[in-house]
């Protein structure tokens, strides 16, 4: 999509709010469990068998939708790869001070819970098996910081319902999955960051004139992701909507396309993913809304990795790496020139 076309599109939302909070990660995550090393991925294991009849047909339709989505604005792979390869490296004394970081260093690999289907944040490129995007860049930069090599990571794919469990069961060292920091989650895991912030928005099928924003959702069937902040947001801001929860972003968007739901409410930037990929299918209805949603890096409960990762984040913000990663992953692909301010790290 050409930049001037994109700017016309985003002008339909609140320009002031966008400049401050829009381009963030989301409270939900898509996908099923699978693992990969050095950017490669394996087929998901332990997935539930598809239901018979209409459920199987729906699953096939959803799979087809995934396969046919356009990559409207591709990431600059060379710029991304060069940036993560040039990332900073912690000295031995810094690593020795952190039990969490030392365990990663001793293992020789950073185990990540993440996704591979988030177009702007962590997307698998099947041509070279690389993962690229804002979240993917952050965890590769962290691998470089600890291990001296951005490719030394393994990824277990998570969704909104499994992000806590993979940390609690020691399947991963950290979760980078556009992960909203909430009080309930912070009771069972710890968060580093935040590293980004956003608000909510309403996605509708292109051409929908009945829904003009969150205030017009009463009586409408509205999709959101189970395990995300979406259900609570809808309960507060659209209490008369009929909420239908889906396992992941692709299922929710497919339901919008097929007319099985009227709208989909989630984080603005997750919806931005959808529009950049397929601008003829969707549009944003009205302005962003809701409280600022801070996104953090999930770590085991009470881990001293929080202080270590926060120090890493502060360094890449100070040296300009954070802004460069935003530009490559988000700004250049959406036509938005000015990077938002990084949130204050707690």
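Counting residues in the stretch 211-230 that are free of Cβ contacts under 8 Å to residues at least 40 places away in the same chain, surrounded by fewer than 24 Cβ atoms within 10 Å (Cβ to Cβ), in contact with a strand residue (DSSP E or B) (Cβ under 9 Å, 6 or more places away or on another chain) and at negative phi gives zero.
Among the residues of the stretch 187-230, count how many are at pLDDT 95 or above, assigned by TED's automatic domain parsing to the domain that holds residue 277 and in a helix (DSSP H, G or I). Adding up the residues that qualify gives 3.
Only residues that are part of a helix (DSSP H, G or I) and either surrounded by fewer than 14 Cβ atoms within 10 Å (Cβ to Cβ) or out of contact with any strand residue (DSSP E or B) (no Cβ under 9 Å at 6 or more places or on another chain) (or both) were counted in the stretch 85-107, giving 13. Of 313, 299, all but one fail to be part of a strand (DSSP E or B) and either at pLDDT 90 or above or closer than 30 Å to residue 91 by Cα (or both); the exception is 299.
From the list 284, 297, the lone residue that is touching a strand residue (DSSP E or B) at 6+ places or on another chain (Cβ under 9 Å), crowded, with 19+ Cβ neighbours inside 10 Å and under 20 Å from residue 131 (Cα atoms) is 297. Annotation note: of 170, 135, the sole residue that is closer than 19 Å to residue 319 by Cα, at pLDDT 95 or above and either surrounded by fewer than 24 Cβ atoms within 10 Å (Cβ to Cβ) or in the same structural domain as residue 188 (by TED's automatic domain parsing) (or both) is 135.
Go through the stretch 240-267 and give me each residue that's free of Cβ contacts under 8 Å to residues at least 60 places away in the same chain, out of contact with any helix residue (DSSP H, G or I) (no Cβ under 6 Å at 6 or more places or on another chain) and surrounded by 19 or more Cβ atoms within 10 Å (Cβ to Cβ). Matches in the stretch 240-267: 252, 255, 256, 262.
The values are calculated or read from the model by the stated rules, or taken from the named source; none is laboratory data. Remember, it's a predicted structure, so these values are computed and weren't measured experimentally. Note that we place each Cβ from the backbone using ideal geometry, even for glycine, and neighbour counts take in every protein chain shown.
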